[in-house]
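Structure, as structure tokens:
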Amino acid sequence: MEIGANTTIDRGALDATVIGRGVKIDNLVHIGHNVIIGENVVIAALTGISGSSIIEKDTVCGGQVGIADHVRVEEGAILGAQCGVPSKKVIRGKGVVFWGTPARPLQQYLKELAVLARMAKKS
């Protein structure tokens, strides 16, 4: 396990806060109470994970990701930079890249962005 500078990990309030083997946590990350982080997870700088969330093994969190309380990020999911995951959401899809706020699959995000660009050209 590697933990970067100025990272904070809250102790459990009701249950334990658990960090799995092989986890790499960058600088300035906050991990809330009762969070469970599985094995081989990578978390980039300036990410915040709220209490009672579960990050399953082999997931990746890009920089400045925000994860609200009681979220489950299932095995192998990839959260792109500045992704925002609302409370009680389940992120699933091994190898699927999620982007934006609220977090959604990258393909969907890009389609929405293209539609907005076309709408802007019409006005």
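Bear in mind that the values in this text are calculations on the coordinates, not laboratory data. From a predicted model like this one, the values you see are computed outputs, not experimental measurements. Virtual Cβ from ideal backbone geometry, glycine too; neighbours counted across all protein chains shown.
Data overview
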| quantity | calculated |
| --- | --- |
| Single unsatisfied condition, Ile54 versus (1) buried (at least 17 other Cβ atoms within 10 Å of the Cβ); (2) at positive phi | (2) |
| Enumeration of residues in the stretch 98-119 that are closer than 24 Å to Thr7 by Cβ and either β-branched (Val, Ile, Thr) or exposed (fewer than 13 other Cβ atoms within 10 Å of the Cβ) (or both) | Thr101 |
| Enumeration of residues in the stretch 79-95 that are more than 28 Å from Leu14 (Cα to Cα), surrounded by 15 or more Cβ atoms within 10 Å (Cβ to Cβ) and without any contact (Cβ under 8 Å) to a residue 24 or more places away in the chain | Gln82 |
| Exclusive hit being buried (at least 18 other Cβ atoms within 10 Å of the Cβ) and either farther than 14 Å from Phe98 by Cβ or out of contact with any Cys (no Cβ under 9 Å at 6 or more places or on another chain) (or both), set Val42, Val60 | Val60 |
| Residues of the stretch 9-33 satisfying the condition of being loosely packed, with under 15 Cβ neighbours inside 10 Å and under 21 Å from Asp58 (Cα atoms) | Ala16, Val18, Arg21, Gly22, Lys24, Asn27 |
